[in-house]
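Below: the structure, in structure tokens.
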Amino acid sequence: MSKKQDEVVETTEAQIAVHWKEEDYYYPSTKFIAQANLTDEGIFDRFSLDNFPDYYTEFAELLTWYKYWDEVLDSSDAPCYKWFKGGKLNASYNCIDRHLKDNKNKTAIHFVPELEEENVQHITYQELYVRVNEFAALLRDTAKLKRGDRVTIHMPMSAELPITMLACARLGVIHSVVFGGFSASASADRIVDSQSRVLIVTDAYYRAGKLLNHKFNADEAVQIAEEQGQTVDTVLVWQRYPGKYSSDTPMVEGRDIFVNEKLKDYYGARVEPEQMLSEDPLFLMYTSGTTGKPKGCQHGTGGYLAYVTAMSKYIQDIHPEDVYWCMADIGWITGHSFIVYGPLALCASSVIFEGVPTYPDAGRSWRIAQELDVNIFHTAPTAIRALRKLGPDEPAKYNYHFKHMTTVGEPIEPAVWKWYESAVGKGEAIIVDTYWQTETGGFLCSTVPGLNPMKPGSAGPGVPGIHPIIYDDEGHEVEKPGIAGNICIQNPWPGMFQTIWGDRDRFVDTYFGMYNTKPDSKDWKDWPYLTGDAATMSEDGYYRVLGRIDDVINVSGHRLGTKEIESASLVVEEVAEAAVVPVNHEIKGKEPDLYIALKPGIDATDELAAKISEAVCEQIGKIARPRKVWLVPDMPKTRSGKIMRRVLGAISNKGDVGNVMTLANPEVVEEIKNMVEK
Ligand code: WTA
């Protein structure tokens, strides 16, 4: 396998990662500990590998089941596991119905529109129940959706997005949410792969002060999907302003339906939740991988919901009386697990913000926190860096107090961590640096806030139940502290995805191929999970994640495949070859640099570079826009013809290119260097 990795990977983020020194501990306050959900040190013993998998029943017991499971873990089809097998439950019931008896008047969702002159909507659990039921009836009777069907949802941050997801879950329909900022073409790919015949969108939304037309993406996506053989027969359109159409893209007769109008037919409708098997899929979430095609990570119902509920309770430390704000987008896994499913399963109040945290100014986020009295805050290093740069003194101007803060999505520099702690947290909040992935459903590494001290720049130990291990490329455990290797998880866990939608072989190969030596084994011990990240462990058992070992770039906490960007640029006719490398960026963490070799006889012009950049945005989304498109005379190549991305990565990051004399065309390295360093 290490050989296989060598062929694919020529530069890794880990190789150019910043390695910072070990920091001192920060301890949680006694005030925090006194109220924490988890202060029992015995948890680590109870959740030791000797007690695997039974310890996970503690998580499952946080949910309400129609029928208890027959078996905690069924590994007869390893590494495709079934958690709480035979158990029956419904995710929508667990996130809504079961709270009505005691808490129907409590706010489930605070929706904060971007425009400050628009009122915040406070949706109670009762109202959520009514709206989810009515929309579920519409999905069933108008859109003709039933248990097991897939539906693609391309919506911005809005209260209607979780309503849509929960209505699907109520019916047992598998939702696939596409990040609102993604292009029509990205939406189409997901429609085709998941075979969705229904697409759900919003007409428009606000972003950085502009009302963006979103409906046109739906038309384009449907058309592209059709060309690829997947017909969408129904497009459900939510309105940003109910009763008013905010897009100038015409509605298509017989296909497009205004949800707000149609809902009138379902006034008062109630839909009995489907009793789903624990192992039935709840949703798909597509993510970038090593090849061009995004992978549909399939998450199950019982395992996933039990896991995110437990993580929300023990690591996020959510109590029912908390106001919890996770600033991620629901279109990513963080939003699924920690805006929607986890907090709502715990009956918390979850904040959904439509806009950009720094718009119209760097005080916006803190005004929201002040107004809603948010006390748990969750965001990513890229946002923290931006807030720190644009308004280092802003938090102090507002009267809010966080008890708990999260950072997620990429490594956080100790200096940024310390600003987060002192300025945003006002020295009063504990911080958890949660390391995990789309595939993992919930956290892998983090400190337990009431039990472990924090260490800036390190995620922390495996969370209770997760047993990480670092292997070298040959499969030997790296036991020495501080030495980098590939971080793997020894055991399966309930939040882990079940497979890649429709591609079991790719699932097995990508995540287990490297270290599994017995492909027929049914014993979970033979299937360590490969995260795809490099990491080190320190003396105290804390993990520090260095970055990806595969061709994935983490831009502002969003995962982009280098191959995805390269294939997007190759649709431009003039392009012969493309190579993408990550470049360090002060706020975004990384940015893609795109190197292009043109076909013979084509002139390198600025217009052409701009056209290539646009092609990438059009096919993936603006988040994939290259920092720079370099039109180079030729790619640096090995004698066997492989593009040396490592060399390009070093040039882009103004690093040492190393010895290039063994290349087929060493002279081109100097030329490219001159071009980039100019
Ligand atoms: C990176 C986001 C360092 C890592 C939840 C991982 C992190 C990828 C951290 C997954 C962290 C996530 N420290 N790196 N706390 N959290 N990562 O699928 O490289 O969008 O593999 O899931 O982000 O990104 P994804």
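The values are calculated or read from the model by the stated rules, or taken from the named source; none is laboratory data. Since the model is a prediction, treat every value here as computed from it, not as a measurement. Here the Cβ positions follow ideal geometry from the backbone for every residue, glycine too, while neighbour counts run over all protein chains shown. Only protein heavy atoms, including side chains, enter the accessible area calculation; ligands, DNA and RNA are left aside. Shrake-Rupley method; radii C 1.70, N 1.55, O 1.52, S 1.80 Å.
Computed values, structure above
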| quantity | calculated |
| --- | --- |
| Matching residues in region 73-96 - criterion: being part of a helix (DSSP H, G or I) and either open to solvent by less than 30 Å² (accessible area, probe 1.4 Å) or without any contact (Cβ under 8 Å) to a residue 24 or more places away in the chain (or both) | 91, 92, 94, 95, 96 |
| Where a residue in region 550-563 is among the acidic types (Asp, Glu) and its partner, wherever it lies, is near the ligand (Cβ under 10 Å from one of its atoms) and modelled with pLDDT of 85 or more, with Cβ under 7 Å and at least six apart | 550/532 |
| Any hit, region 289-302, residues being at pLDDT 95 or above and part of a loop (DSSP other than H, G, I, E, B) | yes |
| Some residue of region 323-339 being open to solvent by 10 Å² or more (accessible area, probe 1.4 Å), within 16 Å of the ligand (Cβ to nearest atom), among the charged types (D, E, K, R) and farther than 16 Å from residue 122 by Cβ | yes |
| Checklist (1) within 16 Å of the ligand (Cβ to nearest atom); (2) open to solvent by less than 10 Å² (accessible area, probe 1.4 Å); (3) in contact with a strand residue (DSSP E or B) (Cβ under 7 Å, 6 or more places away or on another chain) applied to residue 376, failing item | (1) |
| Conditions (1) modelled with pLDDT under 95; (2) within 28 Å of residue 92 (Cα to Cα): number failed by residue 275 | (1) |
| Residues being assigned to a strand (DSSP E or B) and open to solvent by 10 Å² or more (accessible area, probe 1.4 Å) - total across region 166-183 | 2 |
| Any hit, region 573-587, residues being among the charged types (D, E, K, R), within 15 Å of the ligand (Cβ to nearest atom) and either touching a strand residue (DSSP E or B) at 6+ places or on another chain (Cβ under 7 Å) or within 26 Å of residue 22 (Cα to Cα) (or both) | no |
| Counted residues, region 389-425 - those being under 29 Å from residue 38 (Cβ atoms), at pLDDT 95 or above and of a type in the set (Gly, Ala, Ser) | 3 |
| Residues of region 532-548 that turn out to be near the ligand (Cβ under 9 Å from one of its atoms) and part of a loop (DSSP other than H, G, I, E, B), as a count | 0 |
| Strands (runs of 3 or more DSSP E) fully within region 425-531 counting 2 or more residues that are open to solvent by 20 Å² or more (accessible area, probe 1.4 Å), within 15 Å of the ligand (Cβ to nearest atom) and over 28 Å from residue 84 (Cα atoms) | none |
| Restricting region 408-417 to residues that are among the β-branched types (Val, Ile, Thr) and within 11 Å of the ligand (Cβ to nearest atom), the residue that is nearest to residue 529 (Cα to Cα) | 408 |
| Filter result for the condition that a residue is open to solvent by 10 Å² or more (accessible area, probe 1.4 Å) and closer than 20 Å to residue 555 by Cα, over 639, 625 | 625 |
| Condition met for residue 595 (in contact with a Cys (Cβ under 9 Å, 6 or more places away or on another chain) and buried (at least 18 other Cβ atoms within 10 Å of the Cβ)) | no |
| All positions within region 112-165 that are buried (at least 18 other Cβ atoms within 10 Å of the Cβ) and basic (Lys, Arg) | 131, 140, 150 |
| Conditions (1) within 16 Å of the ligand (Cβ to nearest atom); (2) open to solvent by 10 Å² or more (accessible area, probe 1.4 Å): number failed by residue 552 | (2) |
| Some residue of region 184-194 being surrounded by 24 or more Cβ atoms within 10 Å (Cβ to Cβ) and not in a helix (DSSP H, G or I) | no |
| Entirely in region 322-411, the strands (runs of 3 or more DSSP E) that have 1 or more residues that are aromatic (Phe, Trp, Tyr) | 323-326, 349-353, 376-379 |
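Per-residue answers, yes or no, for (1) open to solvent by less than 10 Å² (accessible area, probe 1.4 Å); (2) within 16 Å of the ligand (Cβ to nearest atom); (3) over 25 Å from the mean Cα position of the chain (by Cα):
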{"position": "382", "(1), (2), (3)": "no, yes, no"}
{"position": "388", "(1), (2), (3)": "no, no, no"}
{"position": "393", "(1), (2), (3)": "no, no, yes"}
{"position": "397", "(1), (2), (3)": "no, no, yes"}
{"position": "400", "(1), (2), (3)": "yes, no, yes"}
{"position": "405", "(1), (2), (3)": "yes, yes, no"}
{"position": "419", "(1), (2), (3)": "no, no, no"}
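Okay, residues lined up against (1) at pLDDT 95 or above; (2) in contact with a helix residue (DSSP H, G or I) (Cβ under 7 Å, 6 or more places away or on another chain); (3) within 30 Å of residue 418 (Cα to Cα):
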site	(1), (2), (3)
53	yes, no, no
70	yes, no, no
74	yes, no, no
96	yes, yes, no
99	yes, yes, no
110	yes, yes, yes
122	yes, no, no
138	yes, yes, no
